[in-house]
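Here the structure comes first, spelled out in structure tokens, and everything after it is commentary.
The values are calculated or read from the model by the stated rules, or taken from the named source; none is laboratory data. Computed from a predicted model, the values in this text were never measured in an experiment. As a convention, Cβ positions derive from the backbone with ideal geometry for all residues, glycine included, and neighbour counts pool all protein chains shown. Each accessible area value is taken on the protein alone, full model and side chains, heavy atoms only, with ligands, DNA and RNA left out. Shrake-Rupley method; radii C 1.70, N 1.55, O 1.52, S 1.80 Å.
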Amino acid sequence: MEKALFLQDLKELNIKNKNVIDLYNEISLLAMKYAGDIGDTKGKSNAYYLSMEFLMGRSFYNNLMELGVLEETKQILADKGLDVNVFEEIEDAALGNGGLGRLAACFLDSAAGLGLPLHGYGIRYKYGLFKQAIKNGFQVELPDDWQRFGDPWSVRREDEKRQIEYADMTVTAVPYDMPVFGKRINYLRLWQAEGSAEAETISQYLYPADDTEEGKLLRLRQEYFFSAAAIGELIDRYVKSYGKKFDKFPELNSIQLNDTHPVIVIAEFIRVLTKTYRLSFSQALNIARHTFNYTNHTVLPEALECWKEEYVRKILPDVSDVLTKIAVFADREFLKLGCSKEQALGMAIFKGGNFYMANLAVFVAKNVNGVAALHTQILKTNLFATAHRFYPDKFQNKTNGITHRRWLELCNKELSALIDETVGVGWRSDISQLSGLNGFTQDTVDKFREVKRVKKQQLLNYIAEKEGVSIPANFTVFAQVKRLHEYKRQLMTVFAVLELYYSIKSGSLGNMHPSLFIFGAKSAPSYKRAKTIIKFINEVADKINSDESTNSVLKVVFVRNYNVSYAEKIVAGADVSLQVSTAGLEASGTGNMKFMMNGAVTCGTMDGANIEIVERAGLENNYIFGATVEEIAKLKLNGYKPMEYLTDFAKNAVETLIDGTFSDGGTGSFKELYDSLLASDNADNYYVLRDLDDYFKTLVKICEDYADKDGFARKQLKNVANSAYFSSDRTIKEYAKEIWNI
Ligand code: 26Q
């Protein structure tokens with residue numbers, strides 16, 4: 001890239017009478033022009049990441065940073081009287097909803113940064129994840145028309161479009177390439193559905209409602225759409241260079257399946273090899289078994305996809321035949337391996353009229369991985385225990401990571417400068433050098449405290465502007481920001497905060513250090529109980545913030561429309577990261593890593609990657625509480641009775657759901673929520689009451705410890721210093737070496 005030319009053109013750019021969106025497009029296109037071409041994929045092994053979600057966030061700042069021109073661009077624009085922050089008006093590309101989609105984006109960034117050929121394939125949704133508004137405390141979903149700002153970072157490749165065939169229609173898949181910048185330029189290729197109005201609905205929405213048959217069929221069409229387009233292209237490219245013998249295919253193409261969503265690609269691959277290229281079924285299956293790898297991201301039963309055979313047959317009859325063939329082949333193999341009937345049934349790909357996509361993935365994939373040590377352990381001993389017994393070599397762990405370029409260099413320039421000053425700049429390309437921070441001096445502690453103060457002030461200013469809640473900068477900032485789900489237990493945090501509130505009011509807490517609790521979360525539109533929890537958080541926030549007798553020491557804010565850009569500000573400004581899922585249910589978590597790298601301590605349970613975080617940063621520098629996986633298992637076995645854990649104190653908080661303290665707008669949903677915790681035989685599935693008292697005490701302890709400002713900052717710095725392991729550069733190196741051979 002000729003940087004000087006880019007900077008020259010930028011200097012000559014006329015900004016008069018142009019609005020922010022025009023400028024955004026012009027500058028982005030200029031950068032694209034100078035960025036150069038996507039790296040060659042020919043002749044050597046490449047890896048491909050197939051995912052329904054890519055949660056990229058804002059491209060502008062990140063890409064200019066990756067291209068090495070962000071600081072100069074800021075300066076040049078400033079000279080013209082333009083603050084680069086105006087481009088914050090350009091919203092995120094939110095083609096994903098949470099951890100799984102953001103992980104895909106971090107992986108692409110790390111691979112490009114390391115110079116490894118990893119490319120993404122997904123769907124170019126017209127509308128990304130909904131924009132969240134809050135009306136009377138309730139979540140309202142608004143369409144996310146992200147393309148209205150233009151899409152200067154994508155290139156439409158008209159000449160590479162493909163036809164996708166369903167039984168009842170043919171759809172054109174048009175690729176849009178987003179370059180991913182780093183040491184080499186990789187691509188994220190997103191397919192857009194074109195043709196009839198019905199065809200176009202396929203790439204219209206991320207997660208269309210699937211509570212009807214029509215909705216389910218649409219989701220199946222989406223999964224097949226991008227999978228078939230991607231694999232069709234990879235097969236064509238291979239045939240062009242190597243002909244119709246597919247023996248070298250696996251060596252040149254490693255395909256990573258991001259959860260079960262693209263798993264149907266396996267059947268499509270075999271369909272094409274057998275139908276178009278006349279390979280035998282067993283040859284084709286054998287090649288598939290050396291090509292595909294599967295990552296599992298959740299153990300929650302409701303998230304494990306299965307497809308009714310009837311549905312698949314209706315729109316993809318040939319694919320359905322292939323799925324059936326694989327299922328029969330698998331059954332025979334299970335017999336040969338000496339499985340019992342019961343074991344074979346557990347691993348069965350087809351049963352009860354349904355195809356089990358996770359079982360298919362495990363059977364065919366060369367490698368199966370979990371996303372944190374504990375999660376992989378649970379896959380081996382629970383979810384896929386039988387498969388692990390008969391195919392032990394397939395299973396691997398790949399603990400997740402986050403790109404330190406976006407999540408430290410970009411979002412926390414102040415901390416990055418302090419790290420430069422303390423250990424040198426080498427960490428930016430070799431993150432392991434971060435550990436050099438470990439022997440920090442008092443001078444570094446002082447400077448770190450100043451960095452935290454600045455980042456917190458920036459965050460609080462932003463919150464004041466966006467949410468209209470002003471908070472003084474001496475507050476300790478606690479944050480729980482993530483998808484809203486019962487297992488993540490935002491509800492438990494609200495109860496603990498209510499306990500704090502009543503304790504402050506009654507004077508039993510002495511003089512607590514002022515504390516702010518930030519919540520940020522979107523609920524799936526159809527997930528009623530999650531929406532009720534959002535309403536409850538907002539009710540509690542209103543009450544606490546308006547209570548003059550306590551609001552100098554306790555505040556709560558629900559930030560609206562939590563997204564990647566908001567996250568960049570929150571992780572940099574927070575003191576305490578709340579990661580309080582029921583042990584065994586959060587596969588990994590990646591927000592926990594972002595906070596750690598920015599110097600927040602973790603207050604959490606022994607779950608997911610929290611375990612590995614405290615292993616590295618020290619138990620003494622974090623706050624762990626609550627039941628372990630083993631303890632939860634015991635409770636389950638012996639019959640868990642939430643009532644037995646309800647202290648008088650906790651009772652006060654929990655009963656606010658039914659005693660008229662708060663209004664659910666007459667919907668009855670607070671009572672329903674209360675009943676889900678206490679009323680039925682099988683109540684409190686996520687063990688909120690089991691851990692609540694522990695949680696409350698832990699929060700009190702954190703508030704006490706925070707009074708020792710230096711001591712607390714030391715704990716925070718220890719977290720930064722030991723966060724290198726959680727860079728996705730490390731994760732991607734492991735995938736490249738142990739799975740992809742690239
Ligand atoms: C399933 C069936 C039907 C429709 C949708 C789905 C579906 C959609 C999205 C199931 C799961 C998801 C997303 C899961 C997810 O984001 N998992 C998170 O992945 C992260 C990256 O590995 C982990 O860090 C988190 O712990 C995990 O929750």
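At a glance:
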| quantity | calculated |
| --- | --- |
| In Å², nearest 10: area of Tyr686 left accessible to a 1.4 Å probe | 40 Å² |
| The chain: relative contact order as a whole-number percent, Cα under 8 Å and 6+ apart | 13 percent |
| Test item: Cα-centred dipole of the chain, Lys/Arg +1 and Asp/Glu -1 on Cβ, debye | 1560 debye |
| Distance (nanometres) between label positions extended 7 Å along Cα→Cβ at Met169 and Ser680 | 3.7 nm |
| Share of Cα-Cα pairs in region 440-517 lying beyond 14 Å, as whole percent | 73 percent |
| Residues Lys16 and Ser546, FRET efficiency given R0 of 51 Å [Cβ-Cβ distance, rounded to 0.05] | 0.65 |
| Kirkwood-based shape ratio for region 1-97, expressed as Rg/Rh from alpha carbons | 1.04 |
| Shape parameters for region 611-718, alpha-carbon atoms, Rg then Dmax in Å | 17.5, 48 |
| Distance histogram for the chain (every C-alpha pair counted, 20 angstrom bins, percent rounded to whole numbers) | 16, 50, 30, 3 |
| Lys183/Ala417 FRET efficiency (R0 22 Å; Cβ-Cβ; nearest 0.05) | 0.45 |
| Restraint check, Lys456/Lys697; Lys447/Lys535; Lys569/Lys733; Lys74/Lys543; Lys80/Lys482, Cα-Cα greater than 32 Å | Lys447/Lys535; Lys74/Lys543; Lys80/Lys482 |
| Per residue solvent-accessible surface (Å²) - region 242-322, probe of 1.4 Å | 38 Å² |
| FRET efficiency estimate (nearest 0.05) - Cβ-Cβ, Ser508 to Glu672, R0 25 angstrom | 0.20 |
| Among 62-74, 359-371, 642-654, the order from most to least packed when residues are scored by Cβ within 10 Å on average | 359-371, 62-74, 642-654 |
| Cα-based convex hull, region 266-405, per residue volume (Å³, whole number) | 137 Å³ |
| Residue among Leu408, Gln490, Pro392 farthest towards the positive dipole end of the chain, charges placed on Cβ | Pro392 |
| Computed [θ] at 222 nm, deg cm²/dmol, the chain (DSSP H ≥ 4; -39,500 (n - 2.57); rounded to nearest 500) | -14000 deg cm²/dmol |
| Compactness index (Cα Rg / 2.2 N^0.38 Å), region 404-726 | 0.98 |
| Share of carbon and sulfur in the accessible heavy-atom surface of region 622-737 [1.4 Å probe, %] | 49 percent |
| Extension gain (nm, one decimal) between Lys42 and Thr441, 0.36 nm per residue minus Cα-Cα | 138.6 nm |
| Fraction of accessible area attributable to carbon and sulfur, region 43-123 (%, probe 1.4 Å) | 49 percent |
| Cross-link reach list, aspartates and glutamates versus Lys394, counting only Cα pairs under 19 Å and skipping chain neighbours closer than eight places | Glu251, Asp259, Asp331, Glu333, Glu734, Glu738 |
| Phi to ³J(HN,Hα) by Karplus 6.51 cos²θ - 1.76 cosθ + 1.60 over region 163-172, Hz, x for Gly, Pro | 9, 10, 9, 10, 4, 10, 6, 10, 10, 8 |
| Cβ-based net charge around Asn610, under 14 Å, with every Lys or Arg adding one and every Asp or Glu removing one | 0 |
| Paramagnetic reach from Arg162 (point 7 Å along Cα→Cβ, amide N under 20 Å) across region 23-67 | 38-54 |
| All-pairs alpha carbon distance profile, region 563-665, 5 Å steps from 0, percent | 2, 11, 17, 16, 15, 14, 15, 8, 2, 0 |
| Per residue accessible area in Å² of region 404-726, where ligands, DNA and RNA are left out and the probe is 1.4 Å | 36 Å² |
| Antiparallel DSSP beta bridges within the chain, as percent of all bridges there, nearest 5 | 40 percent |
| Kyte-Doolittle at least -1.0, axis length at least 30 Å by Cα - qualifying DSSP helices, the chain | 213-242 |
| Peptides 719-725, 730-736, 388-394 ordered by average Cβ neighbours within 10 Å, highest first | 719-725, 730-736, 388-394 |
| Amide H partners (placed H, <5 Å) of Phe350, local residues excluded | Tyr356 |
